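The structure under discussion appears below in the form of structure tokens.
The values are calculated or read from the model by the stated rules, or taken from the named source; none is laboratory data. This structure is a prediction, so every number in the text was calculated from the model and none was measured. Cβ: placed from backbone, ideal geometry, glycine included. Neighbour counts: every protein chain shown. We work out accessible area using only protein heavy atoms, side chains counted, and drop any ligands, DNA or RNA first. Shrake-Rupley method; radii C 1.70, N 1.55, O 1.52, S 1.80 Å.
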Amino acid sequence: QLSTVEVSPADDRVDTARNNSDEKLAKQGVFESFLNFAGKGRIPLLDGSSFQVPSGGIFSCRQETLDVSRISCVVLVENGAMLTHAWELAGLLPAPYAEALILYRGHGENIRLVKEFISSLGADVRTAGYFDYDAAGMRIADEYHKLCPLELIVPDRDSLSDEVVSLNKDREYAQQQKYLKNLKANKDFSEEFLTEIDFIENNKLALTQEN
């Protein structure tokens, strides 16, 4: 037997539905207006509570639901798929980031929201970027380090295994020459950052986070 229970619509498509009979035509996806977190760090809410996102789970929210003052450590990741493997990733991160909040850098409207969130963090919040190890990933790191002090998590160059290198994406490397050229022309980068860029160029690397 099928029964019904009436409720009042209360989601992000309501405004669109008022003006368009097909709310699925909304240009902005439901989750594009949210920050997306995972990892072993605790999510601090404005009501004073906090919780840990379960392994394999993702927590999506608007910034105004968070008590940003209680956030101490954040890792930005380039690829959203990494969020579902955040607990595994936490085991591979440097010790200071093992219990960080892992935040997807977003796509579309997410990107602006994430940048606003990162910019709102206190100066004492430790923030890292874990991006693809290629010119495009270095370009993203350049974008975010202008918003806050950023530590870039990179592979140990001396211990890159043949197995990992065999997964290198040669086509992507070839398509990123413009990024490489622009990065190398920037005289404001630290010596550490330039060393990574040179290593990527000299070894023609385009390694994704999944590697």
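Worth pointing out:
- Under a 5 Å amide H cut-off, with hydrogens placed 1.01 Å from N, A206 pairs with K169 among residues at least 5 apart or on other chains.
- Relative contact order of region 72-111, taken over Cα pairs closer than 8 Å and 6 or more residues apart, is 55 percent.
- FRET efficiency, 1/(1 + (r/R0)^6) with R0 35 Å, evaluated for R112 and R42 via beta carbons: 0.85
- Share of carbon and sulfur in the accessible heavy-atom surface of region 93-211 [1.4 Å probe, %]: 47 percent
- Highest mean first, the peptides 193-205, 159-171 sorted by other C-beta atoms within 10 Å per residue fall in the order 193-205, 159-171.
- Across region 169-175, coupling constants 3J(HN,Hα) worked out from phi with the 6.51/-1.76/1.60 Karplus curve, θ = phi - 60°, read 9, 4, 5, 4, 4, 4, 7 Hz, and Gly and Pro carry x.
- Per residue, the accessible area of region 58-203 comes to 55 Å² when a 1.4 Å probe rolls over the protein heavy atoms.
- Principal axis extents of the C-alpha atoms in region 56-114 (largest first, rounded to whole Å): 29, 26, 18.
- Computed on region 58-170, the Cα convex hull volume stands at 122 Å³ per residue.
- Residue-wise HN-Hα coupling along region 45-56, computed from phi with Karplus coefficients 6.51, -1.76, 1.60 (Hz; x: Gly, Pro): 9, 5, 7, x, 8, 8, 7, 9, 5, x, 4, x
- Environment charge at S49 (Cβ cut-off 11 Å; Lys +1, Arg +1, Asp -1, Glu -1): 0
- Long-range amide H partners of L76 with built H, under 5 Å: L103, A128, G129, Y130
- Amide hydrogen neighbours beyond the local backbone of I43, cut-off 5 Å, H modeled: F51, Q52, V53
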